[in-house]
Structure formats: structure tokens, C-alpha cells
Amino acid sequence: MTAPRVVLVGPPGSGKSTVARTLARLLRTDARDTDADVERTAGKPISEIFVDDGEPHFRMLEREAVAAALATHPGVLALGGGAVLDPTTEAALAQYGEAGGVVVFLDVSLAHAAPRVGFNQSRPLLLGNPRAQWQGLMERRRPVYERVATHVVQTDGRTPAQVAHQIAAAVEAHGAGQQPDPQPDPQPDPAPNGDLR
């Protein structure tokens, strides 16, 4: 069984997919996104899975994608925002963390998530009043993100490279049995929204 070097969790707009690709380059490994795995398995975008097959079917595909990736992917793994709510997935992440794995919660405020997400149609759980929906999702998910995380990284006002460098330092320190600096001084971000998407 091969375990990921790092697993990224967090809400929509926290930058999981973008940071995963940047971090994978830094760590000289591959990035994998379970949302992309689900879309590949279903043969259609997540928004269509929700409409055609319903959320329970999507969550089942997601649970299977996470289990497969945790067992076989040796690189950086980004999970869909709601994946952690599945009890089987939460237990698998806890076991991975207890075995020495690194789970990073990419935290973000609504003010910074909104421009990144764009609150568009490709995010079915954010339809209606997207800001209120996002806030409600975070209220339900934050305790789980915090429970499964071995590290928390704030992404507000930071570029994917800044976030990835902080995580890479944490991974190196974790592997050496050291505690990393909690928040290295990030370089100022000329664009407050960065390009995290």
C-alpha cells in the first residue's frame, strides 16, 4: 500500500487543486484531485452528476475515489470539499494521520473564497444564495476539517506558491520529527485574491 505524501482538505475556494499542483512540483511528485477522479469515473462533470444521479450517488463515487487514492497515490492528494463529511473517509484520514501522514486544512475566509470560487454553476452545493450556502457549509465542515488535519494553513491573501512553500516546509519538518514555524512570514501578495481557484 502506498500513501500520499500530503492530503489537502478545505472548502471551495481554499485553493486545494491549484496548491496541490504547485506543491507537487516543489516535492517532485504527482498531484491528484479526487473530484477529477469522480468526473473521470462518471464520464461527466460533478454538476451533471448532481443533476442526473443525485448527491448520494456523487458521495458514493467520491468515497470510492478517496479510498482508492489514499491506498495508491504516492504524491499530493486534493480532496473535494465535502469528502471529509463521509464517516468512512474521516476514519481513513484519521488512520492516515495516525500512521504519520500529513493532512493539511487549507483555511480561507468567505471574503477571499468568493472571488476564487466565483459562486458559479459548476458548484452545485452553492446554488441559490451562494454566500449563505458557503457560510453554512463551512459551519458544518470546519470541525471535521480541524479534526482530521495535522496542519492548518491560512490561504487568505496568499499566492498558491506561498501556501505550497509553507506546506513543503511543514512536510519536511514533519518527516524530520520537528515542528515547523506555525506561519512563516509570507511575502506580500500583490493581488489580494492571488490566483487560487
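A few notes on this one:
- Put a dot 7 Å past the Cα of Arg21, heading toward its Cβ, do the same for Ala173, and the two dots end up 2.8 nm apart.
- Residues whose placed amide H lies under 5 Å from that of Asp33, excluding near-sequence neighbours: Ala78
- Remark: the Ala36-Ala91 segment gains 17.6 nm on full extension, using 0.36 nm per residue and subtracting the alpha carbon distance.
- For the pair Thr29 and Ala132, a Förster radius of 41 Å applied to the C-beta separation gives a FRET efficiency near 0.60, rounded to the nearest 0.05.
- Karplus (6.51, -1.76, 1.60) ³J(HN,Hα), θ = phi - 60°, over segment 81-98, in Hz, Gly and Pro reported as x: x, x, 4, 5, 6, 6, x, 5, 5, 4, 5, 5, 5, 4, 5, 4, x, 5
- Vicinal HN-Hα couplings computed from phi for segment 16-26 (Karplus, 6.51 cos²θ - 1.76 cosθ + 1.60; Hz; Gly/Pro x): 3, 5, 5, 5, 4, 5, 5, 5, 4, 4, 5
Readers should treat all values here as calculations from the given coordinates under stated rules, not as data from a laboratory. Fair warning: this is a prediction, and the values are worked out from it, not measured in the lab. So basically every Cβ, Gly included, is an ideal-geometry build from the backbone, and we count neighbours across all protein chains shown.
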